[in-house]
Every structure is written in structure tokens, then in C-alpha cells.
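Below you'll find the structure, written out as C-alpha cells, and then a few comments.
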Amino acid sequence: MSAFSLLKRGGRFEIQAYKRPESTARRLKQTHVPFSGSPARHPDDDARVILVPDPYSTNACYYEFLATDVDFVERLPSLSDAEGNVMPIVRLWIKKGSVALLCTPFVVDSVADGD
């Protein structure tokens, strides 16, 4: 028995990309700013959203937004690493004028003397 005898011909699946209504897209571009990344739950405050722009980067930083400032969420293609771990990616549309945090962790080391 060959491997080809085990294969079955698959059906045809039509895939159509989702398109936002033009009026929504136009309105969002005028009143909001898009941020893309992997969403995470805030460890202390359910009223806040964390967004990691590049989850597999060595330059770790993240954005923190109030959940009430997010008006629209788009699901984008997910990212996966070499081990098969999958990270969901979204685009958050944040109201212009909102106050948000950009957090960049770093390691504190000794300060060089001027001598």
C-alpha cells in the first residue's frame, strides 16, 4: 500500500478577507491611532491593557492603555516561534489624545567615573 493511496482529494475552500466598512475605516483614521502587537492582561488592574509590539524581540518594551481608550480591535495574523509557540497579534485603535505608557525595562549597572 503506497502513501498516495491513503490521500484523499480535498474540497475547495474559498477564503475571503474581512474588510471593514469604508465609513468605519475613514472615521478611525481621523480620530484614532493604531498600535499593533500581542495583547496581555495587566497583572494588577483589569481596567488597563498591555500591548507588546514585538513579542520575540530582545528589545523588550510594551504599551499600557486604559481599556476605555480602545475603540476597535482587529485580529492580525499570529506569530509563532521555532518551538511552535503561537502569539496572537492584534491592532488596537486608540483614541487620539489618550494618555498611555511606553515602558522599556533595562538593567541598572555601575556608572562610569569621569576619571
Residues in segment 35-52 that are free of Cβ contacts under 8 Å to residues at least 24 places away in the same chain and crowded, with 16+ Cβ neighbours inside 10 Å total 3
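A quick yes/no check of all residues on (1) without any contact (Cβ under 8 Å) to a residue 40 or more places away in the chain; (2) of a type outside the set (S, T, N, Q); (3) touching a Pro at 6+ places or on another chain (Cβ under 6 Å):
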position	(1), (2), (3)
T58	yes, no, no
C61	no, yes, no
R75	yes, yes, no
N85	yes, no, no
K95	no, yes, no
S98	yes, no, no
Any hit, segment 13-25, residues being aliphatic (A, V, I, L, M) and modelled with pLDDT of 90 or more: no
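Matching residues to (1) farther than 22 Å from F106 by Cβ; (2) in contact with a helix residue (DSSP H, G or I) (Cβ under 9 Å, 6 or more places away or on another chain); (3) part of a strand (DSSP E or B); (4) of a type in the set (G, A, S):
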residue	(1), (2), (3), (4)
D44	no, no, no, no
L51	no, no, yes, no
P55	no, no, no, no
E74	yes, no, yes, no
L79	yes, no, yes, no
G84	yes, no, no, yes
I89	yes, no, yes, no
W93	yes, yes, yes, no
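Among residues belonging to segment 72-90 that are of a type in the set (D, E) and loosely packed, with under 14 Cβ neighbours inside 10 Å, point out the one that is farthest from T58 (Cα to Cα).
Residues of segment 72-90 of a type in the set (D, E): 74, 81, 83.
When the remaining residues are screened for being loosely packed, with under 14 Cβ neighbours inside 10 Å, the result is 81, 83.
Numbers: D81: 14, E83: 17 Å.
By that ranking, first place goes to E83.
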Here is a check on your reading of the model: is S98 within 16 Å of the chain's Cα centre (by Cα), surrounded by 10 or more Cβ atoms within 10 Å (Cβ to Cβ) and of a type in the set (G, A, S)? no
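The values are calculated or read from the model by the stated rules, or taken from the named source; none is laboratory data. This structure is a prediction, so every number in the text was calculated from the model and none was measured. Ideal geometry is used to build each Cβ from the backbone, glycine not excepted, and the neighbour counts take in all protein chains shown.
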